[in-house]
């Protein structure tokens, strides 16, 4: 796994893609960031991160079918790759491990 | 219909975005846009869409240009060489940059201003087919176009003519005290409109009922600013406001303030409920107001898509005839597009304070000045570039020898021009930011330079730069690339003389433009001073004009007058129906000599009490003053000379006139003519009656004060006034300031224009500095030899000056003839004007010559003084 480092924002987006596997696309991710996580970003930032993750092989995209609802344009949906999932698992594991080592601290 | 994001933003996205990413980005942005319309409204969504497109402009998304390596490397070389040249000759570069930046900044500023003036009312969605109805009425002084129509016209049009999609009307509200209970503010900007008002006009309603908000009786829409003013909050739906003279109105919606570029400016729109008003008005008023022959309303219509304006105009007259009855004297009506209201309403009378009139002539003048400035700046660049051509000649020779094509050299020099102009553009952006606040203060116009406007202007700026490159860069590029490498490299003298003609031509042209503007400025100044000093025919100094806003003051005027006169610093007090020469036009009445069958004449009317003549210092040529006895005075009038002349021999002192079809008055005196209107207009026929007549009542109190301890006197007047005023607020002005107020347009024009003239003079002088420095440098040896042979320093200086005398003379010829034509036309705007003389031309010429020669002297002094040995040793 060496060399596969991702930043915090990339991790968040990767998590969102994983949580909405095969249904995730730009606006959906943007809205989750905006509403659920209360992170104000521009949509273009989401696009850039998706491209970067795709390049690193963490996610892959497929083009969705044409729906009448959206004026016949096609949407690009993202799904997580095995590599991406592996990275997420590993990061989670490291975190939990470290977290469990926290002694009981009491704050006065 | 589905709302679309701004087309230009989408085009920009298509322009820069890589094809593989385009679909995804566009899709997502569109989806967000559609969601935001519901959440934030259309305008916000459009703004956010634009912002998203700009934010998506990232390296990752941008199309990669397919440049051939070869070309690209050459381009890099061109830029590098250009940069080096800029740095090596930084003094010239600085001259170039400051001239171009300044010229471009002021050019853009003026253009933004012009753009603002032309953008009026475009925000109405169907502006192109929305019109207002104008009627043309004949009166003895000629025909007059008026905006006022019958209150019934709008609904009749909508019902009977299928081509009329919608129609609305409104009337201006009388300035009133507005508020809740005792807590009141004086409100001057409100309209009483028919329910369709918000259907015909697109004013943004931000809260409350958006369709037909004023369809129920006694309802109103308030602007955000006014809501803050009255309630300190914008959540005011359901609240009520009491409006003096009109009754109580309930707020059903809150709207955004009318945009700065709206012809209609108002603070609130009320439903057209006039019952309360009618109760307090004269008995005939309600009948007149509601009849077809009355004309209180401004009527606006929106025609259907397919309708023709001419078609409508043809159908209007039969309809009017039907309603106005067979006795109606037919006169023409026409439609004015609402896009023309702001700039093309000079001929139309019956205006409201709510109308924002612009001045087309002024805008034309500013556009011309803007282009002049840019030309002067670009010519500087051409002159400096060609003058220094010899320095670049060797480089051109070498490049040609190693195989450069002429086209490539042109490309190189154009690149350099572009580089310089681009840097100047950055400089001008900085300057623009510095100048903008001053400019806005000067013009009282808020230029909406937000991101969107600037981006929309980007194309224009781009075209300007292109124009500048063509104007400033093309000639030097062709000129420089023409050199014959053999001559250049063999260090032969090549023909410098040929370019002298062009340079002289350009300098002459620059001087002519600057001189033209200087002469203009002087003449404008002369005319303004003339108006400031010309005798008005009445005394406007130290006259307080106290407005009568309430019934209490009106009723107790006699008591107020007595109490005011008790103050030692108040020498005279008189009541007037309205102040002379103010922004409020005098009332127009019909006059008919009694017992004689003539057509009624239209004349102006003012009323004043028996102290008015002495207070204003009006001169009585014949007859006597009022007697101070109401029963006699109220049926007595004065005529001015102009009126006496029109009425002719038949009317003498003691004769009776029938005024305004209702009341008879006896002529008791003739007054010497005085300027009761601005100097734009001739003195018209005037009837001056007593203060209280059936025609008009007191509306202003004129208080003549002494100059000592003015503040205390004003406070005293205020104290007395407030004892009788229901609202305890006094509004006043000084008469001389009101008189000057008629020339605001000219004052504004003079300010902007003088700024532009000085800047263009400055830029032209920058060019002179550059050229003079170059010549002085190039001719060092020449001067050295002359000095050795015995030439004096003055003679050397004369040699340097000689180059500029011819351009100055040529400029004089062109500028004087041009300015003569333009300025005599400008002066025709004034009924009272100065004679155009030679003095301004002579003075401008001498001033320009003096500063030019001084500048050259400053630049060339060092070379002139220098020891010739030094100059000759250099070889």
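Nothing in this text is a laboratory measurement; each read-out follows from the coordinates by a stated rule. These numbers come from a predicted model, not from an experiment. When we count neighbours, we look across all protein chains shown, and the Cβ atoms used for this are built from the backbone with ideal geometry, even at glycine.
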Subject >> 10 Å Cβ neighbours from other chains, averaged over peptide A:40-49 >> reply: 5
Original post:
How big is the shadow of the Cα convex hull of the range B:273-396, averaged over all directions, in nm²?
Top reply: 15.8
Original post:
Counting every Cα pair in chain B, what percent are over 56 Å apart?
Top reply: 29
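Taking the range B:144-269, how much of its Cα-Cα pair set, in percent, is spaced more than 23 angstrom apart?
32
Could you tell me how many cubic angstrom of Cα convex hull volume the range B:750-812 has per residue?
Details: hull volume 5.7 nm³, N = 63.
Hull volume over Cα atoms, normalised by residue count, gives 90 Å³.
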Original post:
In nm, to one decimal, how far is the modelled label at residue B:541 from the one at residue B:88, with both set 7 Å along Cα→Cβ?
Top reply: 6.8
Subject >> Rounded to 10°, Cα long-axis angle of helix A:43-56 versus longest principal axis of chain A >> reply: 80
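Mean residue ellipticity at 222 nm from the helices of chain B, using -39,500 (n - 2.57) per DSSP H segment of n ≥ 4 over the full residue count, to the nearest 500 deg cm²/dmol? It would help to have the intermediate numbers written out before the result.
Numbers: 30 runs with 455 residues, N = 875.
Mean residue ellipticity at 222 nm (helix-derived): -17000 deg cm²/dmol.
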Original post:
Which whole number of Å³ per residue matches the convex hull of the alpha-carbon atoms in the range B:7-55?
Top reply: 61
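Sorting check: for B:8-19, B:296-307, which peptide has the highest mean count of neighbouring beta carbons within 10 Å, and how do the rest follow?
Details: B:8-19: 14.8, B:296-307: 20.3.
For the peptides B:8-19, B:296-307, the packing ranking is B:296-307, B:8-19.
How many partner chain Cβ atoms sit within 10 Å of a residue's Cβ in peptide B:20-33, on average, as a whole number? All intermediate terms of the calculation are to be shown ahead of the outcome.
Numbers: counts 1, 3, 0, 5, 11, 5, 1, 9, 12, 5, 4, 10, 5, 0.
The per-residue average across the peptide is 5.
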**OP:** As a check on your grasp of the helix formula, calculate [θ] at 222 nm for chain A: sum -39500 (n - 2.57) over DSSP H runs of n ≥ 4, divide by the residue count, round to the nearest 500.
**Re:** -15000 deg cm²/dmol
Original post:
What distance in nm separates the simple spin-label points at residue B:42 and residue B:426, each placed 7 Å from Cα in the Cβ direction?
Top reply: 4.0
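Provide the FRET efficiency to the nearest 0.05 for the residue B:459-residue B:290 pair, computing r from the beta carbons and using R0 = 56 Å.
On the way: r = 52 Å, r/R0 = 0.93.
Computed FRET efficiency for residue B:459 and residue B:290: 0.60.
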**OP:** Mind pulling the angle between the C-alpha long axis of helix B:389-401 and the longest principal axis of chain B? Nearest 10 degrees, somewhere in 0 to 90.
**Re:** 60
Subject >> DSSP bridge pairs, the range B:543-736: antiparallel proportion in percent, nearest 5 >> reply: 75
**OP:** Determine, at each q value in 0.16 (inverse angstroms), the log₁₀ of I(q)/I(0) that the Debye formula gives when each Cα of the range B:621-670 is one equal point scatterer.
**Re:** -0.43
**OP:** Could you work out how far helix B:309-324 tilts from the main Cα principal axis of chain B, as a 0 to 90 degree angle to the nearest 10?
**Re:** 10
Original post:
Over the range B:127-349, what relative contact order in percent results from Cα pairs under 8 Å that are six or more residues apart?
Top reply: 33
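Return the inverse of the average 1/r over all pairs of distinct C-alpha atoms in chain A, which is the Kirkwood hydrodynamic radius, in Å to one decimal.
Working: mean 1/r = 0.0649 Å⁻¹.
It works out to 15.4 Å.
On full extension of the chain, what length is gained from residue B:344 through residue B:663, given 0.36 nm per residue of separation minus the C-alpha to C-alpha distance? Each step should come with its number before you reach the end.
Numbers: separation 319, 0.36 × 319 = 114.84 nm, distance 3.78 nm.
Full-extension gain reported as 111.1 nm.
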**OP:** Describe numerically, in nm with one decimal, the distance between label points set 7 Å from Cα along Cα→Cβ at residue B:440 and at residue B:211.
**Re:** 3.8
**OP:** Consider all pairwise Cα distances in the protein assembly as shown and report the whole-number % of them above 54 Å.
**Re:** 39
**OP:** Return the whole-Å distance between the Cα centroid of the range B:715-776 and the Cα centroid of the range A:85-108.
**Re:** 71
Original post:
Rounded to two decimals, what is Rg over Rh for the range B:341-399 when you use alpha-carbon atoms and the Kirkwood radius?
Top reply: 1.50
